[in-house]
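For reference, the structure is listed below as C-alpha cells.
What follows is calculated from the coordinates using simple rules that are stated; it is not laboratory data. Computed from a predicted structure; not experimentally measured. With ideal geometry, Cβ positions are generated from the backbone for all residues, glycine too; neighbour counts draw on all protein chains shown.
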Amino acid sequence: MQISVRMRLRNHILFTILTTMMHCGFFRADAQTAEHWVQKGILAEKSGDTKNALEYYTQAINSEPTLATAWYNRGVTRTKLKQYSMAVVDLNKCIFIDTGYKEAYFSRALALWRTGNLQFALTDVSRYINYFPANTEAREMRYIIALEAEDWDMAIQDLKWREKDNPQGILYEHLAALYEKAGKPADAVFFMEKALSFSPDSTLLQLKAAAMFQRIGKYVRSMEFLNRILLQDSLEVSFVSEVQHLKADNYFYMKDYISAADIYTTLLQKDTGNANIMADYGHCLLQQEKYTEAEIVLTRALKSKNISPSYAYLGRGMARLKLGDGEAACSDWEKSYKLGEKTAKKYLDTYCNKKE
C-alpha cells in the first residue's frame, strides 16, 4: 500500500514537471521552431526589413539544419543583399537537402550569374525551365546569360520560343545575327529576309542586311541592297559614305579591284584622314600589284592610327616583300601577328622562320 502511494506521488510530480516544461516550450519540435523563424523572416522581408529577415533565417537554420526552406530563403535574401557567393553556398545546401526544390535552381542560377559562373548558371536556369517551360522570366534570364556566354544556340532557342506568340521584325533581326554568329548562314539569311518583310523601307535595316550578306559571302545580294539604298531621296551623308565603303569592299571581294579602287579614292578625297579606308585601299593596290603605292598608303594608315593596325601591318609586309625588303616585311608580320592577325603566321612561317 505504501509503495502504491509513493508511486502515485512520484508520477504526480513527474506529470507536473513535464506539463510545466511543455507549457514553457522545452519539448517543442525543432522543426516547428525553425518554421516559426522562417515565417518571421518572410514577414520581415515583406515589411522591407531584409537585415532582420536574414537573422531570422539563420535562427531557423541553427534550430533545424536540414530545413531546406530556411536555406533557400536565406540564399534568396543574400542575393537581394548582393552577397552572391554566400547565396550560392546557401542554395547549394538547400538543393543538397532537397534536390527537387525547383525554385532553388532559378535563384542559384541568378546568384551564379552574378558571380560570373555563366555555364553553371545556364545549367541551373535550364533545369528550372524544364520544370516550368512557359516561365517568361526564366527564359529572359537564360537568353541574357547565353548572350554573355556566347552560347548562340541556347540564345536562339529562347528567342524562337518568344517568336511563337510575338513575331516582330526586331526579333527576326536578332535571330539573323545569332544564326550568323552560330555559323549558320542559311538560317541567318532566312531570318534577315523575314525581318525585312516587316520593315521593307527601313534604310538602317537594309544597310545591316547588306553588311551581313557581305560577311557571309553573298556579295551580289549585298550589292542589291546597297544600290537600293543609294536610289533613295534625301539620303543622309553618313549613310552614303558607309554604303559606298561597303560597295567598294564588295567589289574587292568579287575581285573587281579597279571598281573598288575608284570608290576608295573618292571616299579618301572626302575624308583624307580615314585610316580604315586607307588600309582597305592599300590592300586593293596590292592586288593590282602596285606595291610602292600600297606601301605608302598603308604606312599612312598606320600613322593615322588605323583601328585595325594588324590588317595594315599585314598588307605593308606583303608590299615590302615584293619590293625586296624581306627584313622589314618580317617585322611587319610579327607586329601583325602579335595584334591578332592569324594570317600573318603563314607569312612568318614561309618567309621569316626558315631554319638555317
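Odds and ends about this structure:
- Size descriptors for region 29-76, from the alpha-carbon set: Rg then Dmax equal 9.3, 29 Å.
- Binned Cα-Cα distance frequencies in region 131-201 - 5 Å width, integer %: 4, 18, 26, 25, 16, 9, 2, 0, 0
- Charge-dipole axis of the chain as Lys and Arg at +1 and Asp and Glu at -1 on Cβ define it, positive-most pick from 261, 168, 54: 54
- The relative contact order of the chain, computed from alpha carbon pairs under 8 Å that lie at least 6 residues apart in sequence, is 5 percent.
- Candidates 128, 97, 186 compared by Cα position along the dipole of the chain: farthest toward the positive end lies 97, with charges placed on Cβ.
- Cα principal axis extents for region 260-356, largest first, Å: 49, 24, 18
- Ordered by the number of other Cβ atoms lying within 10 Å of each residue's own Cβ, fewest first, 174, 283 fall into the sequence 174, 283.
- Each Lys and Arg contributes +1 and each Asp and Glu -1, all at the Cβ; summed about the Cα centre of region 311-356, the dipole is approximately 160 debye.
- Net dipole in debye of region 85-168 [+1 Lys, Arg Cβ; -1 Asp, Glu Cβ; about Cα centre; nearest 20]: 160
- Segment residue 127-residue 351, extension gain: residue separation times 0.36 nm, minus the distance between their alpha carbons: 75.3 nm
- Shape analysis of region 27-133 places it in the prolate category; the axes a ≥ b ≥ c from the Cα gyration tensor give an a/c of at least 1.5, with a/b above b/c.
- Pair residue 46, residue 170: separation of 7 Å Cα→Cβ label points (nm): 3.7
- If you wrap the Cα atoms of the chain in a convex hull and average its projected area over all directions, you get 32.5 nm².
- Virtual spin-label span in nm between residue 307 and residue 144, 7 Å along Cα→Cβ: 2.7
- Cβ charges +1 (Lys, Arg) and -1 (Asp, Glu), total dipole of region 142-201, debye: 140
- Helical segments meeting 30 Å axial Cα length and Kyte-Doolittle 0.0 threshold in the chain (DSSP H): 2-23
- Residues 234, 304 in ascending order of nearby Cβ atoms (within 10 Å, fewest first): 234, 304.
- Take the Cα of residue 237, step 7 Å toward its Cβ, do the same at residue 114, and the gap between the two points is 4.9 nm.
- Cα-based shape type of region 292-338, given that a ≥ b ≥ c are square roots of the gyration tensor eigenvalues and the cut on a/c is 1.5: oblate
- Under 18 Å from residue 160, Cα to Cα: lysines that are on another chain or at least 8 residues apart: 181, 184, 194
- With helices as the sole contributors, the chain gives -24500 deg cm²/dmol at 222 nm; each DSSP H run of n ≥ 4 counts as -39500 (n - 2.57), and the sum is divided by every residue.
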